[in-house]
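Before any comments, here is the structure.
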């Protein structure tokens, strides 16, 4: 909340918090500031399904990717 109050952009990894009250407090602080300061990331770089997809792309089993997100 201090970063939001100071006008700083924040990238948080999932989960934002284990307590829903903390998440709501962050959302309320952002709404009070009147701008979007918080982005929530979800890192899946080492997720097994992503590794499987990377291998399938490298092997040519999925064809040429048009877009990755």
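The mean sequence separation of alpha-carbon pairs under 8 Å and at least six residues apart, normalised by the residue count of the stretch 2-59, gives a relative contact order of 39 percent.
With each label modelled as a point 7 angstrom along the Cα→C-beta vector, the residue 10-residue 52 pair spans 3.6 nm. For the chain, the longest principal axis of the Cα atoms and the long axis of helix 20-33 meet at an angle of about 70 degrees. Packing here is the average count of other Cβ atoms within 10 Å per residue, and on that basis the peptides 42-50, 3-11, highest first, run 3-11, 42-50. Each stretch of four or more DSSP H residues adds -39500 (n - 2.57); spread over every residue of the chain, this sum gives -13000 deg cm²/dmol at 222 nm. Helix 48-59 axis versus longest C-alpha principal axis of the chain: approximately 40°, rounded to the nearest ten.
A short reminder: the numbers here are calculations on the coordinates, not readings from a lab. Worth saying up front: this structure is predicted, and the values here are computed from it rather than measured. Glycine gets a Cβ as well: all are built from the backbone with ideal geometry, and neighbour counts include every protein chain shown.
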